Amino acid sequence: MSTRFFIYLIVLTIVAITGMVKYKKLTTPFRLLVALILITIISEVSSRFFAYRIRNSSPPYHFYAPIQLLLYAAIYFRLLKNARTKTFILYGTPVLVIFSMLNSIFLQDLYTFPSNSIITISFVLIVLSLLYFREMLQYPLQISLVRQSTFWFNCAVLVFFCTTFFIYCFYNYFLIYHIKTKLISTINYIMTIAYYSVLTFAMLTDNKSNGSKQ
Amino acid sequence: MEVNSENILVFVLIGCLLVCVLSVFIVFFVLSYRKKQADFMLEKQQLQSQYQEILLQSQIEIQEQTLHNISQEIHDNIGQVLSLAKLNIGTMDINQPSQLQEKINCSRDLVGKAIQDLRQLAKTMNTTFITEAGLVGAIEAELEIVRKSGVLLAHLYVEGQPVRTDPQKELILFRIFQEVMTNIIKHATAEKVEIRIGFSEELLNITISDNGKGFDTATINASEKPASGLGLRNMQHRARLIDANLSITSIPEKGTTVAIRLPLTT
């Protein structure tokens, strides 16, 4: 097990433990986030297992991508108020899940990393986080932004998925031209650690009783 | 190798640009959010001061209305009763014992009635009357005055288990009720008024219906005269301040119904 992966796993475990300890006090979107983190841990561990056994870590990500999309969609469905956006999530999510499955069957098989699905999911999450920022401006709360769990969560989602989108757009390009670089994986690694650290902070600030969003 | 370096350079440049854009966006968002929070706070403060102003105004108007009612009551009722008592006493003849006893009894009854009416008046003169009696009690007392005046036939129906709400809200509701009653007496030329107060778990419903001449609500809304419909707008404004909804339904020659719905939230 590489040091990088070990640190990543520790960070993920910290988020999961924080979420589980605070589970009763968390609002519904953050409870869903705890479930997502647990699934992420399972996916990451199994990807390592596959890498060790068949020298390919991609298969678990083909299952993880649609589940991740469903859970993020459920989180934003609970967070957003706008009826049109909710309808968009309700009808758009099944379409994207089907796309992700078709991608795994026809375009990027189980032994290829599902970058098409990741790019699509990232794009949708960027749009949802921007829409949520717009709603936050429409209905400002009388508590400081620093104490608003959804602000931290949304910032983390926006920055992380912008980076993911950007990285995987290049990933396909680099793959086509067989260009190997450590830079991409380093940036991706740093962003992932930062993302889960911010999520830990968001979970710590989230509290049902202090008026956080249900 | 050269292609590789060029690609990495493009990647790094786009990456830096992305970081810059995201940073600017988040800073811009935080600043906008703070501005919105400040605006919202200001708006809330303005609304609160407006609420206090309306509350004070309502209290003053209720006091004015009470004084008016008292003056009318003293003039039309207590004054008359005492005058009659005085007349009785003045016409007493010691030489006619049987008639004397009757007149003494009658005068005692009249003075007793005057005392009873004065007690009732004293109750309504108390500024905390609405707070003590509650909305239903205050409305009932107000209707008693209307009934006594003989201007209108007034009926009150209470549905559901009466619950007390915020005293300040009750005061404003009572003032709205008084305004509606004044409008009916002054303009509706109605013979009968029916008040229904309905309590449910979530809602307080007050409906005031009269059988007067009614009016065209569209004309009032479309009127260019600033004074036209001012009273109605004023009532609606007051209702909005306590999160209540006030609706007016009126058909010419068929009467008017004013409905007030107040959510009973904890």
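The values are calculated or read from the model by the stated rules, or taken from the named source; none is laboratory data. These numbers come from a predicted model, not from an experiment. Cβ atoms come from the backbone with ideal geometry, glycine included; neighbour counts cover every protein chain shown.
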Under the condition of being closer than 25 Å to A:Thr3 by Cα and either touching a Pro at 6+ places or on another chain (Cβ under 7 Å) or among the hydrophobic types (A, V, I, L, M, F, W, C) (or both), which residue from region A:176-197 is modelled with the lowest pLDDT? A:Ile179
So, of the residues in region B:230-247 that are hydrophobic (A, V, I, L, M, F, W, C) and part of a helix (DSSP H, G or I), which turns out to be surrounded by the fewest Cβ atoms within 10 Å (Cβ to Cβ)? B:Leu230
Residue by residue through region B:167-199, note down the ones that are in contact with a strand residue (DSSP E or B) (Cβ under 9 Å, 6 or more places away or on another chain) and of a type outside the set (A, V, I, L, M). B:Lys169, B:Phe177, B:Asn183, B:Glu191, B:Lys192, B:Glu194, B:Arg196, B:Gly198, B:Phe199
Does region B:145-155 include one or more residues that are touching a Ser or Thr at 6+ places or on another chain (Cβ under 9 Å) and at pLDDT below 85? yes
Which residue out of A:Thr150, A:Thr163 is over 19 Å from A:Thr40 (Cα atoms), of a type in the set (Ser, Thr, Tyr), buried (at least 20 other Cβ atoms within 10 Å of the Cβ) and within 13 Å of chain B (Cβ to nearest Cβ)? A:Thr150
Just name the residue that is surrounded by the fewest Cβ atoms within 10 Å (Cβ to Cβ) out of those in region A:125-138 that are of a type outside the set (A, V, I, L, M) and more than 9 Å from every other protein chain (Cβ to nearest Cβ). A:Arg134
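So, A:Tyr8, is that one farther than 25 Å from A:Phe133 by Cβ and in contact (Cβ under 8 Å) with a residue 60 or more places away in the chain or not?
The answer is yes for A:Tyr8.
Being without any contact (Cβ under 8 Å) to a residue 24 or more places away in the chain and surrounded by 15 or more Cβ atoms within 10 Å (Cβ to Cβ) is the filter here; which residues of region A:21-37 pass it?
The initial filter retains those residues of region A:21-37 that are without any contact (Cβ under 8 Å) to a residue 24 or more places away in the chain, namely A:21, A:23-24, A:31.
Once the filter is applied, which keeps residues that are without any contact (Cβ under 8 Å) to a residue 24 or more places away in the chain and surrounded by 15 or more Cβ atoms within 10 Å (Cβ to Cβ), region A:21-37 yields only A:Arg31.
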Of the residues B:Ser58, B:Ser107, which is under 40 Å from the mean Cα position of the chain (by Cα), surrounded by 14 or more Cβ atoms within 10 Å (Cβ to Cβ) and part of a helix (DSSP H, G or I)? B:Ser58
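So, in region A:1-38, exactly how many residues are hydrophobic (A, V, I, L, M, F, W, C) and farther than 22 Å from A:Ile190 by Cα? Show your work before the answer.
First, the residues of region A:1-38 that are hydrophobic (A, V, I, L, M, F, W, C): A:1, A:5-7, A:9-12, A:14-17, A:20-21, A:26, A:30, A:32-38.
Adding the requirement that they be farther than 22 Å from A:Ile190 by Cα leaves A:20-21, A:26, A:30, A:32, A:35.
Number of matching residues: 6.
Does A:Leu70 satisfy the criteria of being closer than 25 Å to A:Asn207 by Cβ, surrounded by 13 or more Cβ atoms within 10 Å (Cβ to Cβ) and free of Cβ contacts under 8 Å to residues at least 60 places away in the same chain? Explain how you work it out, then say what you get.
Numbers: closer than 25 Å to A:Asn207 by Cβ: no; surrounded by 13 or more Cβ atoms within 10 Å (Cβ to Cβ): yes; free of Cβ contacts under 8 Å to residues at least 60 places away in the same chain: yes.
No; evaluated as a whole, the condition is false for this residue.
Of these, A:Lys22, A:Lys81, which one is farther than 22 Å from A:Leu158 by Cβ and in contact with a helix residue (DSSP H, G or I) (Cβ under 9 Å, 6 or more places away or on another chain)?
On the way: A:Lys81 fails: farther than 22 Å from A:Leu158 by Cβ.
Only one candidate qualifies: A:Lys22.
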If B:Leu56 satisfies all but one of (1) without any contact (Cβ under 8 Å) to a residue 12 or more places away in the chain; (2) within 14 Å of chain A (Cβ to nearest Cβ); (3) among the aliphatic types (A, V, I, L, M), what's the number of the condition it fails? (2)
Given the conditions (1) part of a helix (DSSP H, G or I); (2) under 25 Å from A:Phe77 (Cβ atoms); (3) facing another protein chain (nearest Cβ under 7 Å), every one holds for A:Ser122 apart from (3)
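Give the residue that is nearest to the other protein chains (Cβ to nearest Cβ), with candidates limited to residues of region A:101-119 that are within 30 Å of B:Phe25 (Cα to Cα) and at pLDDT 90 or above. It would help to see each step written out before you state the result.
Taking region A:101-119 and keeping what is within 30 Å of B:Phe25 (Cα to Cα), we get A:114-119.
Now restrict to residues that are at pLDDT 90 or above: A:117-119.
Details: A:Ser117: 21, A:Ile118: 17, A:Ile119: 15 Å.
Selected residue: A:Ile119.
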Among the residues of region B:28-46, what is the count of those that are surrounded by 12 or more Cβ atoms within 10 Å (Cβ to Cβ) and more than 11 Å from chain A (Cβ to nearest Cβ)? 0
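Only one residue in B:Ser71, B:Ser83 is part of a helix (DSSP H, G or I), more than 17 Å from B:Ala141 (Cβ to Cβ) and at pLDDT 80 or above, so which one is that? Steps first, answer last, please.
On the way: B:Ser71 fails: more than 17 Å from B:Ala141 (Cβ to Cβ).
Of B:Ser71, B:Ser83, the one residue that is part of a helix (DSSP H, G or I), more than 17 Å from B:Ala141 (Cβ to Cβ) and at pLDDT 80 or above is B:Ser83.
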Counting only residues in region B:175-217 that are of a type in the set (Gly, Ala, Ser) and assigned to a strand (DSSP E or B), the one surrounded by the fewest Cβ atoms within 10 Å (Cβ to Cβ) is identified as B:Gly198
